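Working notes, structure below.
The values are calculated or read from the model by the stated rules, or taken from the named source; none is laboratory data. Just so it is clear, the structure is predicted and the values come from calculations on it, not from any experiment. No Cβ is skipped: glycine too gets one built from the backbone with ideal geometry, and neighbour counts run over all protein chains shown. Note: accessible area is taken over every heavy atom of the protein model, side chains too, but ligands, DNA and RNA are not part of it. Shrake-Rupley method; radii C 1.70, N 1.55, O 1.52, S 1.80 Å.
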Amino acid sequence: MKILFFSAKPYDRQFFDAYNKPYGFEIEYLETHLGPHIVNAVDGQEAVCVFVNDKVNAEVISVLHAKGVKIIALRCAGFNNVDLDAARAHGMRVCRVPEYSPEAVAEHTVAMLLTLIRKTHKAYNRVREQNFSLNGLLGFNLHGKTVGVVGTGKIGGAFCRIINGFGCRVLAFDLFPNPGLQSAGIEYGTLEEVLSASDVVSLHCPLNPDTHYLINEKTLAMMKPGVTLINTSRGGLVNTAHAIEALKNKHLANLAIDVYEQEEKLFFKDLSESIIEDDTIQRLMSFPNVLVTAHQAFFTEEALTEIAQVTLRSIDSLLRGKLPAEQNALLV
Ligand code: NAI
């Protein structure tokens, strides 16, 4: 059985080759994204394995189906880049890794937050230049602050528990509040209550038509002046142009993003010798109070191990006509 990987990196090869031994799948790794430009190259594979920035729209799905592909396996949790209705219409199976390591993403969110508000990234560079001055490095305590969390599923829930341990008041918004978190002391409110009361807002809901540009001019204005915003979920949750305006007028005091709406042209690539044509990301990175990481929150040994094991196990089950073992892994 042949599986064709798109957007494959050396670490994908390392983990998938290691865990493929019991299955013996014939894996071919392509570095390119999947999209209309390349889909005609698919030939003789029953499964394709894709990642967050592969474009699996109706056009691509129709060609994949015509080429005999039966399974689209996402080696990630989010699935906003796949047209599930089109896959369903063609009788194709789509699976994902619903929970590989919520803690990996939650811990990275905390790392970004602490880096940004305590300026450790600046301190690191300064000290290396033998500049031991503290001027300009003043931060603020998390203890006693109100942290707003939008989306309290697996990742948001893990983040709530960690940040609760810092002695913060955690105020959350979710369409379905989690009673387990409520018993741990997490409070729920409306989106407006959460945004208006919080010193820090962290986004952990999925990207879908309802949440696209959830953070925009209007919702930014609801937030406290001097708010810190963290997005480790999906770039499309934030209207970047509006966030830039809020940074310029100092309403938004700090912004940390691990995801960006136009990230597919940039992230996961070494562009250090290239001219970046995206002026928006360049403008964002020019702010001293903006921290960007390139979709790195999931990137731990534990997460990559789980991703490889679950993806291969799900493909194997589907090929045998069985359902994947993991709950919520099968999308179509
Ligand atoms: P999950 O499905 O466990 O939780 C999502 C939560 O959001 C659910 O509780 C749901 O009720 C809630 N929600 C849905 N619509 C909402 C809305 N309109 N307003 C408020 N809450 C809403 O998902 P999980 O595993 O916690 O992942 C969350 C997101 O994190 C994923 O959709 C993905 O986009 C992102 N992610 C980012 C990674 C990274 O490396 N930066 C890695 C993995 C996931």
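Here are the numbers for the structure shown:
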{"read-out": "Residues (open to solvent by less than 10 Å² (accessible area, probe 1.4 Å) and near the ligand (Cβ under 8 Å from one of its atoms)) located in segment 136-160", "value": "V150, G151, T152, G156, G157"}
{"read-out": "Of all residues in segment 188-210 being acidic (D, E) and within 15 Å of the ligand (Cβ to nearest atom), the one that is nearest to G235 (Cα to Cα)", "value": "D210"}
{"read-out": "Within segment 304-328, considering residues that are among the aliphatic types (A, V, I, L, M) and away from the ligand (no atom under 12 Å from the Cβ), the one farthest from F79 (Cα to Cα)", "value": "L319"}
{"read-out": "Selection from segment 161-184 of residues that are under 19 Å from L195 (Cβ atoms), away from the ligand (no atom under 13 Å from the Cβ) and assigned to a loop (DSSP other than H, G, I, E, B)", "value": "C168"}
{"read-out": "Subset of segment 200-223 [surrounded by 18 or more Cβ atoms within 10 Å (Cβ to Cβ) and either over 17 Å from the mean Cα position of the chain (by Cα) or not assigned by TED's automatic domain parsing to the domain that holds R169 (or both)]", "value": "V200, T219, L220, M223"}
{"read-out": "From the options T232, T228, T211, T240, residue that is polar (S, T, N, Q) and touching a Phe, Trp or Tyr at 6+ places or on another chain (Cβ under 8 Å)", "value": "T240"}
{"read-out": "Residues (within 16 Å of the ligand (Cβ to nearest atom) and buried (at least 17 other Cβ atoms within 10 Å of the Cβ)) located in segment 79-95", "value": "F79, N81, V82, V94, C95"}
{"read-out": "Subset of segment 102-135 that is among the aliphatic types (A, V, I, L, M) and touching a residue at least 40 places away in the same chain (Cβ under 8 Å) - its residue that is farthest from the ligand (Cβ to nearest atom)", "value": "I117"}
{"read-out": "Any chance A123 is among the aliphatic types (A, V, I, L, M), at pLDDT below 95, open to solvent by 10 Å² or more (accessible area, probe 1.4 Å) and not in a strand (DSSP E or B)", "value": "no"}
{"read-out": "Search result, residues across segment 197-210 that are assigned to a loop (DSSP other than H, G, I, E, B) and not aliphatic (A, V, I, L, M)", "value": "S198, D199, H204, C205, P206, N208, P209, D210"}
{"read-out": "Criterion: open to solvent by 10 Å² or more (accessible area, probe 1.4 Å) and modelled with pLDDT under 95 - qualifying residue of E31, E99", "value": "E99"}
{"read-out": "Contacts under 7 angstrom Cβ, first residue in segment 50-62 being modelled with pLDDT of 95 or more and open to solvent by less than 10 Å² (accessible area, probe 1.4 Å), partner away from the ligand (no atom under 16 Å from the Cβ) and part of a helix (DSSP H, G or I), 6 or more apart", "value": "V60/V39; I61/A86; I61/A87"}
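So that you can scan it fast, the table gives a plain yes or no per residue for (1) under 20 Å from the mean Cα position of the chain (by Cα); (2) exposed (fewer than 15 other Cβ atoms within 10 Å of the Cβ):
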residue	(1), (2)
N131	no, yes
G165	no, yes
F173	yes, no
F176	no, yes
G189	no, no
S198	no, no
